[in-house]
Structures are given as C-alpha cells and as structure tokens.
Amino acid sequence: MTVETEDIATLLDQLNALLFWWRIPNSSRNDDINGQMRRFQVIASDLQSAYSNAYRRQIEATLTANERLALSFQDFLNSYHMHEIIAVESSALAIVLDGVAAQARTWNELTQTVQDCCGAWRHEGTAEIEGQAMQETEIKPVFRPAPRLKREATRHLEQV
C-alpha cells in the first residue's frame with residue numbers, strides 16, 4: 001500500500017485539528033499527547049468499571065425480582081379465597097415496584113459516577129490548559145494616555 005503526499009498532508013491536517021480540539025498548542029510535544037492519552041485511558045477504565053458494576057446490579061435486581069414473582073405465582077395458584085388472591089396480587093405488585101426501585105437506584109448511582117468522572121476529567125484538562133496559558137503568555141502593562149482636555153476647558157484656563 002502506497003501513501004501519497006496528499007494523503008499524508010490530509011492526515012496531518014486531521015491530526016492537527018484533533019490536537020487543536022484537545023487544546024494542545026504545540027503538536028510537536030509528544031509528552032502532551034501521551035499525557036492526554038493516559039488521562040483518556042484512566043477515564044475510559046473508570047467508566048467501563050462503573051458501567052459493568054451497574055450492569056451486574058441490574059441483572060441481579062432483575063433475577064431477584066423474577067424469582068420472587070415465580071414464588072408469588074405459586075402462591076396465587078394455591079390461593080382459594082378472594083382475600084388471599086388480593087394479598088398475592090399486592091405482593092406481586094410490591095415485588096415489581098421493589099425491582100424498579102432497585103434499578104432506578106442503580107441508574108442514579110451510575111449517572112452520579114459518570115458525572116463525577118467526566119467532571120474530574122474536565123477540571124484536570126482545564127487546570128492544565130490554564131497552566132500552559134500562564135506559562136506561554138506574559139502579563140504586559142497596558143499604557144493608556146491621559147485624556148485630552150477639551151478645547152473649552154483650555155480657553156477657561158487661558159482667561160484666568
């Protein structure tokens with residue numbers, strides 16, 4: 001496979017655009033790129049573990065609710081009186097609502113974890129960018145000339 005110089009130029013433009021998006025001012029510094037990639041790997045690993053834990057908890061909640069509903073169905077088949085049927089139906093509804101509540105708690109915790117991970121990543125990037133900006137720029141004093149006196153004010157001074 002041969003790569004033409006136009007293709008290389010296109011690839012370099014795409015890479016520079018990506019680096020600009022990551023706000024890396026000098027694309028020739030490999031340490032910056034490696035640092036960004038390491039941070040990205042850490043955040044991806046943290047998110048993957050959070051998602052796998054949430055998935056595991058969702059499956060556990062579903063299996064538990066299914067087992068309890070199966071037992072409730074057996075109780076339904078063994079009930080003879082109306083009050084027993086109503087009690088079994090209420091129990092089944094409680095089982096379903098408990099399962100939904102467990103899944104909602106899992107989603108809430110996952111959302112909070114993802115928000116914390118992304119917020120930490122954003123703060124790290126912002127702190128690094130601000131540090132680079134402070135190193136690259138100097139604070140220069142701004143010279144402002146004194147305002148000119150209006151013509152009427154100078155005439156008034158001449159008369160005195």
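When each of 55, 80 is scored by the number of other beta-carbon atoms lying within 10 Å, the sequence from fewest to most is 80, 55.
Counting neighbouring Cβ atoms within 10 Å and putting the fewest first, the residues 121, 21 line up as 21, 121.
With +1 on each Lys and Arg Cβ and -1 on each Asp and Glu Cβ, how big is the dipole of the range 37-126 about its Cα centre, in debye rounded to the nearest 20?
520
A Förster distance of 25 Å, applied to the separation of the beta-carbon atoms of residue 7 and residue 40, puts the FRET efficiency at 0.45.
Every number in this text was worked out from the coordinates using simple rules, so none of it is lab data. Worth saying up front: this structure is predicted, and the values here are computed from it rather than measured. No Cβ is skipped: glycine too gets one built from the backbone with ideal geometry, and neighbour counts run over all protein chains shown.
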